[in-house]
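What follows is a set of notes on a single structure, which appears directly below.
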DNA sequence: AGTTGTGAAACGTTTCACAGCT
DNA sequence: AGCTGTGAAACGTTTCACAACT
């Protein structure tokens with residue numbers, strides 16, 4: 001397959017989100033123009049994004065909402081459910097562990113780990129474990145495919161290396177550090193400080 | 001000023017993060033190559049990013065760490081502190097409100113609002129307020145420059161319109177919805193579902 | 001008539017490569 | 001000798017515009 005741009009995949013995810021809403025509202029077809037408005041893009045962009053994966057519409061008519069949802073779910077790899085572990089049960093880790101949206105979108109939190117498993121209390125009972133040597137065994141047993149890192153910056157690279165060594169190939173990083181991973185491991189970093197600084201820059205340089 | 005790419009601003013923020021660490025380790029000069037490694041990019045990219053704003057290095061030598069930190073802080077608009085309000089005190093909103101990293105990086109949480117101010121309890125006491133008609137008055141009085149939306153998707157556009165009408169020009173959105181804002185208002189959306197779906201795509205299409 | 005799918009053009013970003021300083 | 005700063009080249013992404021189809 002030809003290489004697909006990150007920006008394309010991000011938009012496909014947004015289209016899917018909007019289509020699900022659109023279907024709930026009882027619509028059964030949608031045009032690239034309507035879909036574009038939802039994602040803050042253009043109709044040509046929508047058609048181009050989809051064209052990388054095939055031909056899903058009917059000329060003169062648009063796209064069948066239910067079919068397009070199914071196609072996008074298949075393209076994004078959401079036909080199966082994805083088991084996820086969360087490393088770090090501080091405020092962010094604990095908030096994510098309890099976030100119901102995970103499950104709705106096809107991701108199952110199968111484990112939460114913290115160096116101090118007492119820290120969060122009974123709400124994570126049954127799922128919060130000691131972050132120690134047992135992690136490797138748990139990964140082998142539960143086969144999580146994605147690890148979410150919610151630990152301090154200085155611990156992040158170490159835990160990333162560790163889960164990669166155990167076979168995990170996708171990491172979502174909330175630590176405020178750029179991480180390096182071997183070829184074939186997907187890492188996405190969500191960095192609060194950077195997001196705020198981009199906004200500070202925009203406020204400081206309104207014309208840029 | 002020439003338009004600056006979003007990707008450039010993001011990298012500047014990462015460079016700053018790394019430089020602060022590098023300074024703490026006692027180094028006083030750094031080359032574009034060393035800085036590049038930290039941000040997962042190339043030395044030419046680092047030099048190009050900086051060149052949009054001026055000339056900060058010494059040929060043959062590199063960059064003076066402390067000076068470059070000061071320059072980046074000025075470029076990003078971090079010389080003053082930025083007052084921030086958080087709309088929504090659910091799990092994510094409450095976690096952010098208590099996140100110390102905000103303050104460290106020059107952002108002050110001056111208000112947290114929720115439709116039900118009883119929900120979080122005493123830890124946000126003195127800062128958590130009812131999300132009601134008083135918001136407009138608070139914005140006029142406290143002059144926050146950035147609003148962080150931590151509310152359900154269906155409420156997000158409404159609260160965005162509201163804070164924009166009160167004069168806020170920068171919004172960080174954690175609701176899983178694409179938002180529209182008038183020209184001149186910077187909006188950044190952090191969407192958990194999309195981040196996970198990009199990882200699911202990467203796992204499903206290892207070659208793409 | 002209306003909308004898709006898609007090559008080609010336009011645009012933007014990154015990489016190259018080297019002149020110019022220190 | 002070493003490293004920056006930067007035009008120019010290469011590359012990637014978005015937009016255009018229109019033929020193809022319903």
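Every number in this text was worked out from the coordinates using simple rules, so none of it is lab data. Everything numeric here is computed off the predicted structure, so don't read it as measured data. Cβ sites come from the backbone with ideal geometry, for glycine too, and all protein chains shown count toward neighbours.
Under 37 °C and 0.692 mPa s, how fast does the protein assembly as shown diffuse according to Stokes-Einstein, given a Kirkwood radius computed over C-alpha pairs? Answer in µm²/s, whole number.
It comes out at roughly 143 µm²/s.
Which distances in nm, rounded to one decimal and ordered from shortest, link the label point of residue A:6 to the equivalent label points in the other identical copies, with labels set 7 Å from Cα toward Cβ?
Once sorted, the set of distances for residue A:6 reads 1.1 nm.
For a quick check: sort A:146, A:87, B:127 by the number of other beta carbons within 10 angstrom, fewest at the front.
B:127, A:146, A:87
Order by neighbour count: A:32, B:55, B:166, A:13, fewest other Cβ atoms within 10 Å first, most last. Could the numbers behind the result be given before it?
Numbers: A:32 20, B:55 9, B:166 15, A:13 25.
Listing A:32, B:55, B:166, A:13 from fewest to most nearby Cβ atoms yields B:55, B:166, A:32, A:13.
Given points 7 Å out from each Cα along the Cα-Cβ axis, report the residue B:185 to residue B:133 separation in nanometres with one decimal.
2.2 nm
Quick one: in chain B, whose Cβ comes closest to the B/A rotation axis, and how close in angstrom?
B:95, 2
How far is helix B:153-165 tilted, in degrees, relative to the longest principal axis of the Cα atoms in chain B, given as a value from 0 to 90 rounded to the nearest 10?
80 degrees
Return the FRET efficiency for the residue pair residue A:59, residue A:27: r is the Cβ-Cβ distance, R0 is 22 Å, and the value is rounded to the nearest 0.05.
Result of the calculation: an efficiency of 0.70.
Tilt of helix B:192-204 relative to the longest C-alpha principal axis of chain B, in degrees (0 to 90, nearest 10)?
Between helix and principal axis, roughly 50 degrees.
With springs only between Cα atoms under 10 Å, which of A:169, A:141, A:81 fluctuates most in a Gaussian network model of chain A?
Between A:169, A:141, A:81, it is A:141 that shows the largest mean-square fluctuation.
Can you put B:164, A:112 in order of Cβ neighbours within 10 angstrom, beginning with the fewest?
Result, fewest neighbours first: B:164, A:112.
May I ask you to report, in nm to one decimal and beginning with the shortest, the distances from residue B:130 to the same position in the other copies, taking label points 7 Å along Cα-to-Cβ?
Spacings between copies for this position, smallest first, are 4.9 nm.
Using Cα centres only, tell me the gap between segment B:143-161 and segment B:165-208 in whole Å.
About 13 Å separates the Cα centre of segment B:143-161 from the one of segment B:165-208.
Could you work out the relative contact order of chain B, using alpha carbon pairs under 8 angstrom and six or more residues apart, expressed as a whole percent?
In percent, rounded to a whole number, it is 14.
Give the calculated FRET efficiency between residue A:81 and residue B:140 to the nearest 0.05, with a Förster radius of 60 Å applied to their Cβ-Cβ distance.
The formula returns an efficiency of 0.80 here.
Every other copy gets compared here: list the nm distances from the residue A:116 label point (7 Å along Cα to Cβ) to its counterparts, shortest first, one decimal.
Result, one decimal in nm: 2.9.
I'm a student and want to see the number: the projected area of the Cα convex hull of segment B:6-75, averaged over all directions, in nm².
The directionally averaged projection comes out at 4.1 nm².
Between residue A:5 and residue B:2, with labels modelled 7 Å along Cα→Cβ, what's the label distance in nm to one decimal, could you check?
2.0 nm
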